């Protein structure tokens, strides 16, 4: 059983460890994730990023997600990060985090969640995760990150609300 709550300062180091232990993120990617965490923790007035953590019954951080409204859109949100402690994989925590993020996005008037990932074999489980959560592959741009590594974009409509503006 987990609790999902807004990030706290003490969560940063456990999240860093989770990102390192997943063995899929590069040092540069981890640095970006930590930078977004710092933005959220150090600026109460920023509106670009929203971060929640999954905490086990014994108080340990076992996962997190980071979302934010996509600039220059109405109702589209990016799922920037979602990660679960490797020892807690296949226990439904990622799904709970994703469901929480989707509900929060819907409550904030969001319609569409977009998640980007890589075509590299080490991201196969990530791609399967999105498909199992009813995300559709929206696009694939070959050689995006580097030669042989495509950008794969997934999306899911969490609301059919259409803004008439």
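The values are calculated or read from the model by the stated rules, or taken from the named source; none is laboratory data. Predicted model only: the values in this text are computed from it and were never measured. Please note: Cβ atoms are built from the backbone with ideal geometry, for glycine as well, and neighbour counts cover all protein chains shown.
Hey, among 53, 26, which residue is surrounded by fewer than 18 Cβ atoms within 10 Å (Cβ to Cβ) and either farther than 23 Å from residue 120 by Cα or without any contact (Cβ under 8 Å) to a residue 60 or more places away in the chain (or both)? Give the steps one after another, and end with the answer.
Working: 53 fails: surrounded by fewer than 18 Cβ atoms within 10 Å (Cβ to Cβ).
The unique qualifying residue is 26.
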>> Please go through region 124-157 and give me each residue that is under 17 Å from residue 82 (Cα atoms) and buried (at least 16 other Cβ atoms within 10 Å of the Cβ), ordered by number.
In response: 126, 127, 129, 130, 133, 135, 152, 153, 154, 155, 156
> If you scan region 114-142, which residues turn out to be within 17 Å of residue 97 (Cβ to Cβ) and part of a loop (DSSP other than H, G, I, E, B)?
Replying inline: 133, 134, 135
> Can you name the residue in region 56-70 that is over 18 Å from residue 16 (Cα atoms) and in contact with a strand residue (DSSP E or B) (Cβ under 9 Å, 6 or more places away or on another chain) and is also surrounded by the fewest Cβ atoms within 10 Å (Cβ to Cβ) among such residues?
Replying inline: 57
> Looking only at region 111-135, which residues are free of Cβ contacts under 8 Å to residues at least 24 places away in the same chain, in contact with a helix residue (DSSP H, G or I) (Cβ under 9 Å, 6 or more places away or on another chain) and over 19 Å from residue 92 (Cα atoms)?
Replying inline: none
> From the list 39, 18, which one is assigned to a helix (DSSP H, G or I), out of contact with any helix residue (DSSP H, G or I) (no Cβ under 9 Å at 6 or more places or on another chain) and either at pLDDT 95 or above or within 14 Å of residue 81 (Cβ to Cβ) (or both)?
Replying inline: 39
>> I'm trying to understand the selection: among the residues of region 143-165, which are at pLDDT 95 or above and assigned to a loop (DSSP other than H, G, I, E, B)?
In response: 147, 148, 158
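Considering only region 42-78, state which residues are part of a loop (DSSP other than H, G, I, E, B) and farther than 27 Å from residue 157 by Cα. Lay out the reasoning, then the answer.
So in region 42-78, the residues part of a loop (DSSP other than H, G, I, E, B) come out as 43-49, 57-60, 70-75.
Those that are part of a loop (DSSP other than H, G, I, E, B) and farther than 27 Å from residue 157 by Cα: 43, 44, 45, 57, 58, 59, 60.
If I go through region 71-99 residue by residue, how many of them are more than 21 Å from residue 30 (Cβ to Cβ) and surrounded by fewer than 19 Cβ atoms within 10 Å (Cβ to Cβ)? Reasoning before the result, please.
Of region 71-99, the ones more than 21 Å from residue 30 (Cβ to Cβ) are 71-77, 90-92, 95-96, 99.
Restricting the remaining residues to those that are surrounded by fewer than 19 Cβ atoms within 10 Å (Cβ to Cβ) gives 71-74, 76, 90-92, 95-96, 99.
The total comes to 11.
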